[in-house]
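Input: a single structure, listed below in structure tokens.
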Amino acid sequence: MIKVTPFPQGIDTPITSSAIFMVATLAPGDDAIETARAWCADIAGLVRAVGKRVPDGNLSCICGFSFNAWDSLFGTHRPAALHTFREFGPPERRAVATPGDILMHIRADRMDLCFELATQLLEPLGDAVTVVEEVHGFRNFDMRSIIGFVDGTENPEGKRAAEATIVGDEDPAFAGGSYVIVQKYLHDMTAWNRLTVEQQELVIGRKKLSDIELGDDVKPTNSHSALTVIEKDGKEVKVLRHNMPFGRPGSGEFGTYFIGYARSPEPLEQMLENMFVGRPAGNYDRLLDFSKAVSGALFFVPSTDFIDALGD
């Protein structure tokens, strides 16, 4: 017999010019649950309808669901590694957990497409959900974050991206799915810009202009790049980051919306532990002296086959 692999959502597609990240909570009651469940089956149709207006706009939407929402929406049989978001770090430097049942990661090469799809996705949900976080991201020059360094340099590509992000035989009932962690970071740009370029490079562990990684004899062990490399059994474990800058200059808000996909939450959580607790403990990510995590949530992104089956 031919083995049919469930088709994943478009996790490993290239980063677009624009994105909207929305996290929503479910209202209590059976009516809200039924509305949300029916809405799941309509997502693909809404993406096609809006995307058809600009065929080369690369519109997509990835939807994920939290541990708390899973039982209500889909029953008690859940993905093997799905759990509530785990907090890391001391009170003054903490990866905080915040509410969230449904994640919508909307991407396109035009913000108007993202905006229209967000509007159309929310309309049928009505008061069944409350949006608790909405961030409009943009691609900043040559893939640079607000702090001026290239973001996502070590992202896997092609087959390796799929291997790093898509659940396989380790959890066959949920093959084709993926885990995703989101965090909203706010940056103290005034303090960051007081540093010289050379000091900034030691915080990040890379050259600012060329994006070349500093040598081990120069790069501090508490640099961002040193602590976000995850190894298991002597091999580097990759995750896929689709981070986006965002901000409101008039309000003094400058940030990065972190969104990381992996076939297990383990490497993402190890990365957060390294950053916020330290490796070893106390040797925390120096970037956190200038950046603060103000939200955090873990979701499972089921396959398109799983989503489509909800309409049957």
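The values are calculated or read from the model by the stated rules, or taken from the named source; none is laboratory data. Being a predicted model, the structure only gives us computed values, none of them experimental. Glycine gets a Cβ as well: all are built from the backbone with ideal geometry, and neighbour counts include every protein chain shown. In case anyone asks, the SASA skips ligands and DNA or RNA and just uses the protein heavy atoms, side chains included. Shrake-Rupley method; radii C 1.70, N 1.55, O 1.52, S 1.80 Å.
Tabulated values for the structure
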read-out	value
Between helix 111-125 and the chain: long-axis angle, C-alpha atoms, 0 to 90°, nearest 10	50
Inter-label distance for Asp71 and Glu266, nm, one decimal - labels placed 7 Å from Cα along Cα-to-Cβ	2.5
Per residue, in Å², the accessible surface of the range 12-85 once ligands and nucleic acids are set aside, probe 1.4 Å	46
FRET E, pair Arg248, Ala49, Förster distance 22 Å, beta-carbon r, rounded to 0.05	0.10
Extension reserve of the Gln199-Glu34 stretch, reckoned as 0.36 nm per residue once the Cα distance is removed	54.1 nm
Probe 1.4 Å, protein heavy atoms only - accessible area per residue of the range 212-281 in square angstrom	47
Residue-span extension gain [Val132 to Ala80] - 0.36 nm each, minus C-alpha spacing	16.1 nm
Relative contact order computed over the chain (Cα-Cα under 8 Å; 6+ residues apart), in percent	29
Farthest toward positive dipole pole in the range 133-196 [+1 Lys/Arg, -1 Asp/Glu at C-beta], among Asn193, Gly137, Val150	Asn193
Computed FRET value (nearest 0.05) for Leu122 with Asp217, which takes r as the C-beta separation and R₀ as 51 Å	0.45
Nearest 10 degrees, 0 to 90: helix 30-40 Cα axis against the chain principal axis	80
The chain - percent of accessible surface contributed by carbon and sulfur, probe 1.4 Å	53
